[in-house]
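First up is the structure itself, then whatever we jot down about it.
The values are calculated or read from the model by the stated rules, or taken from the named source; none is laboratory data. All of these numbers come straight from a predicted model, not from anything done at the bench. So basically every Cβ, Gly included, is an ideal-geometry build from the backbone, and we count neighbours across all protein chains shown. Quick note on the areas: whole protein, heavy atoms, side chains included, nothing else; ligands and nucleic acids left out. Shrake-Rupley method; radii C 1.70, N 1.55, O 1.52, S 1.80 Å.
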Amino acid sequence: MTVSLSAASAILTRFAEICRDNPRRPIIHVPATASAWTAADIWDAHHRYADRLTRVAAGPGHLVLSAAGNSPASVALLLACRAVDLPIMPIDAGTPLPELLAIADRFAAAAIVVPATLDAQPRETREPAVELDPGLLLRLHSRAPQSYTGAAMLKVTSGSTGPAQATLTTESQLVADGAHIVAAMRIEPCDTQIAAIPLSHSYGLGVLVMPLLMQGTACVLRDSFVPHQLPADARQFGARVFPGVPFMFEYFLANPPAGGWPPTLQRLMSAGAPLTPSTVRAFHERYGVKIHSFYGTTETGGIAFDDSDDIDDSGTVGRALPGVTLTLRDEAPAAGRSPRSGIERIHVRSAAVADGYSDGTRDGFVDGGFLTGDYGACDEQRRLTLLGRASSFVNVAGRKVQPDEVERVLRDMPGVRDVRVLAAPDPRRRQQIVACIVADATPRLSVVAIRRFCSARLASYKIPRTIVFLDALPLTARGKVDRAALDDLVRHRLRP
């Protein structure tokens with residue numbers, strides 16, 4: 001079966017033009033296997049995959065869940081799903097099989113794509129697997145799949161403010177997000193990017209996948225962040241752009257690459273977690289290259305980008321991307337919550353904002369945009385600074401404490417390399433402030449010194465009651481601090 005080009009798909013149309021213009025140009029470099037996929041290879045693979053999808057998926061609007069991970073097949077599979085009008089839900093490749101099947105059940109996926117190393121055949125299902133490519137299997141999952149008509153993708157949120165959800169994202173919203181990002185970051189068709197972040201996350205989709213599909217920007221693709229290989233990959237393929245997360249840049253500060261920083265790798269951006277001004281300054285002093293902060297959410301796509309080459313201590317995430325309208329909104333204080341003078345919720349309007357969540361809820365989707373869970377403030381240059389999460393208040397004896405405020409103070413303390421502040425139960429004060437600190441080896445920090453430093457800068461009820469010293473903060477696959485793991489560590493330390 002030959003699948004014809006869907007005239008309704010802007011993504012397919014644009015990639016078809018790229019393929020016609022230069023079909024033999026390597027567009028995805030895979031150094032782990034010393035191979036490359038050309039635009040023609042991806043186009044041919046999308047035809048094969050679309051043919052197989054029609055054998056398994058019941059019809060348009062039915063969901064395909066993919067754990068193909070950081071592989072060229074993920075790109076071809078997205079094209080194939082557009083060709084046959086099936087929304088796709090990218091999932092981390094390392095997701096354990098029971099969790100993968102539970103997600104497929106929760107969202108009533110018609111089919112799942114998994115590495116062949118996983119036995120993804122449920123015992124009660126007898127349908128054989130269909131091989132997409134060597135090492136990649138496609139299987140029927142549900143005989144009564146849910147229809148997500150109109151959606152091109154269900155993007156899974158990080159769950160940082162509650163249980164993970166999935167956004168209903170249309171193709172036009174994916175395209176708009178890619179266009180906003182390309183314009184802000186000045187990613188060129190002739191560029192090559194280092195693809196070390198997951199393609200399954202909103203960040204990787206917007207910064208890596210969409211530029212590749214819409215303008216042919218090549219990438220060097222690995223399964224994950226491989227520190228000792230990244231500089232060599234950049235040199236070998238002349239990569240100019242590296243979208244990363246803070247811990248990647250912090251790694252290279254602590255472990256300078258042999259031969260110095262790759263001379264072509266000059267466009268660096270960081271997202272997914274706060275990037276401290278001290279990291280930006282130290283990286284620039286050592287390598288002469290600035291790391292630019294990028295801010296976005298799964299619901300909105302990209303929001304702001306720091307395109308300035310100035311090195312300062314503002315901690316800004318930059319100005320709104322082209323095509324994005326960013327406003328700050330006052331909130332009437334909720335019962336029992338103190339007013340937040342000068343700090344407001346971030347509301348985003350753009351053509352990239354999703355239509356809502358897959359379960360039909362539209363929490364936060366208001367006034368033609370999305371009200372994020374982040375507080376922020378803008379300076380006179382309209383640069384945005386993030387000031388905490390709306391859901392992260394700690395209630396200490398009836399008084400509200402924003403952990404980000406305490407974190408900012410502790411990051412200014414000499415000897416503190418990183419810190420996260422969270423709540424823990426307290427029998428007398430309802431909750432207490434706990435600071436999880438990664439400290440320099442020398443001079444050794446003491447609990448007394450930390451509390452004394454805080455007491456000169458914070459109200460007494462904001463001073464951490466418990467200090468937990470760690471060698472490193474636990475991270476999720478998205479490069480964010482693993483709050484659940486931190487909570488477990490704190491509960492263990494506080495256990496009688």
Please name all residue pairs, on different chains or six or more residues apart, with Cβ atoms under 9 Å, provided the first residue is in the range 30-44 and is under 14 Å from Glu17 (Cα atoms) and in contact (Cβ under 8 Å) with a residue 24 or more places away in the chain and the second residue is in a helix (DSSP H, G or I) and open to solvent by 30 Å² or more (accessible area, probe 1.4 Å).
Ala39/Arg20; Ala39/Asp21
Any chance Leu445 is buried (at least 17 other Cβ atoms within 10 Å of the Cβ) and assigned to a loop (DSSP other than H, G, I, E, B)
yes
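Out of all the residues in the range 388-400, which are buried (at least 21 other Cβ atoms within 10 Å of the Cβ) and within 20 Å of Val481 (Cα to Cα)?
If we filter the range 388-400 for residues that are buried (at least 21 other Cβ atoms within 10 Å of the Cβ), which is where we start, we get 394, 396.
The answer is Val394, and nothing else.
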Do any residues in the range 295-322 that are over 17 Å from Ala354 (Cα atoms) and of a type in the set (Phe, Trp, Tyr) have Cβ atoms under 8 Å from those of residues that are open to solvent by 40 Å² or more (accessible area, probe 1.4 Å) and assigned to a strand (DSSP E or B), where the two are at least six apart or on different chains, and which pairs are they?
Phe305/Arg319
Return the residues of the range 348-406 that are within 20 Å of Arg429 (Cα to Cα) and among the basic types (Lys, Arg); say none if nothing qualifies.
Arg399, Lys400
Residues satisfying the stated conditions in the range 256-314, i.e. part of a strand (DSSP E or B) and at positive phi:
Gly301
Exactly one condition in (1) open to solvent by 40 Å² or more (accessible area, probe 1.4 Å); (2) under 21 Å from the mean Cα position of the chain (by Cα); (3) farther than 26 Å from Gly178 by Cα is false for Asp363; which is it?
(3)
Single match in Gly301, Gly315 (criterion: modelled with pLDDT of 95 or more, crowded, with 16+ Cβ neighbours inside 10 Å and under 20 Å from the mean Cα position of the chain (by Cα)):
Gly301
Residue under evaluation Gln431, criteria (1) assigned to a strand (DSSP E or B); (2) within 27 Å of Tyr251 (Cα to Cα), criterion not met:
(2)
Select from the range 453-470 the residues that are free of Cβ contacts under 8 Å to residues at least 60 places away in the same chain and not in a loop (DSSP other than H, G, I, E, B) and list them in ascending order.
Phe453, Cys454, Ser455, Ser460, Thr466, Ile467, Val468, Phe469, Leu470
Starting from residues that are surrounded by fewer than 20 Cβ atoms within 10 Å (Cβ to Cβ) and in a strand (DSSP E or B), keep the ones in the range 137-164 and report whichever is modelled with the lowest pLDDT.
Arg139
Among residues of the range 75-101, those that are within 22 Å of Gln165 (Cβ to Cβ) and small (Gly, Ala, Ser), counted:
2
